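First the structure, in the form of structure tokens, and then the observations on it.
The values are calculated or read from the model by the stated rules, or taken from the named source; none is laboratory data. Fair warning: this is a prediction, and the values are worked out from it, not measured in the lab. Cβ placement follows ideal geometry from the backbone for every residue including glycine, while neighbour counts extend to all protein chains displayed. In case anyone asks, the SASA skips ligands and DNA or RNA and just uses the protein heavy atoms, side chains included. Shrake-Rupley method; radii C 1.70, N 1.55, O 1.52, S 1.80 Å.
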Amino acid sequence: MKHPLERFEYCPRCGSHNFAINGVRSRHCSKCGLTYYANASASTAAIITNSKGEILLTTRAFEPAKDKLDLPGGFVDMNETAEEALIRELKEELNIEVTNPIYLFSLPNEYTFSDITIHTLDIFFKVEVSDDAKFTADDDVASAQFYDLKDVNIEDIGLNSIKKAIQKIKNTTN
Ligand SMILES: [Zn+2]
């Protein structure tokens, strides 16, 4: 794995070039003393199923993985809980109001944005919605629909952590 701060050659506080790799996830500036850490960003994803056991998948509107299948969800803002982030993202992306997301599992991921690899920790939640719940795709989602997982080709899913999550769910439901 490349060092997460490989591309960041200058100290973000004082601008010095004496900003050396310092362990697996930090650089240290020998001019001003700053030790700067790269941390995984927390992100959320929702497993939304209907009474037929189908799962809601979205189609990504933007890069990375534009036009590929995805789960609804998104990054956790500062000072927000993962549950709050998920509820906010489902409102933004699908215009649905949900309550009480149930934690399932988490998976690390790498996400390329602005030509930089961002490390994330994706947190998966189970969310139940009624069968007559209306949703409309918005924000960074082009469309959304329920799928029988038997009909979903894992290679049509864009992001690695989402592929792993869907595979995990396929394995437990077969
Ligand atoms: Zn510095």
One would report the antiparallel percent of DSSP beta bridges in the chain, rounded to the nearest 5, as 75 percent
Students often forget the sequence filter, so: which aspartates and glutamates lie under 18 Å Cα-Cα from Lys91 once same-chain residues fewer than 8 apart are removed? Asp70, Asp77, Glu80, Glu83, Glu128, Asp131, Asp132, Asp138, Asp139, Asp140
Between Glu63 and Glu9, the two model label points (7 Å from Cα along the beta-carbon direction) sit apart by a distance in nm of 2.3 nm
Per 10 Å bin from zero, what fraction in whole % of the C-alpha pairs of the chain is there, up to the bin with the longest pair? 10, 34, 30, 16, 9, 2, 0
At 1.4 Å probe size, what's the solvent-accessible area of Asp67? Round to the nearest 10 Å². 110 Å²
Once ligands and nucleic acids are excluded and a 1.4 Å probe is used, how much of Glu92 is accessible, expressed in Å² to the nearest 10? 70 Å²
Mean separation of Cα contacts under 8 Å (at least 6 apart) over the residue count of the stretch 44-95, i.e. the relative contact order in percent, is 33 percent
Using a 1.4 Å probe and counting only protein heavy atoms, arrange His28, His17 so the residue with the most accessible area comes first. His17, His28
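Please work out the FRET efficiency for the pair Ile102 and His17, using the Cβ-Cβ distance as r and a Förster radius of 45 Å; give the result to the nearest 0.05.
Numbers: r = 48 Å, r/R0 = 1.07.
The computed FRET efficiency comes out at 0.40.
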Rounded to whole Å, give me the distance from the Cα center of the stretch 5-33 to that of the stretch 131-166. 39 Å
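How high is the relative contact order of the chain, in percent, with contacts defined as C-alpha pairs under 8 Å that are six or more residues apart? Walk me through the intermediate numbers first.
Values: 332 pairs, mean separation 40.3, N = 174.
Relative contact order for the chain comes out at 23 percent.
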Just read off the accessible area of Ile21 with the full protein assembly in place, 1.4 Å probe, to the nearest 10 Å². 90 Å²
Between Leu34, Leu57, Leu121, which gets the highest mean-square fluctuation from a Gaussian network model of the chain, Cα cutoff 10 Å? Leu34
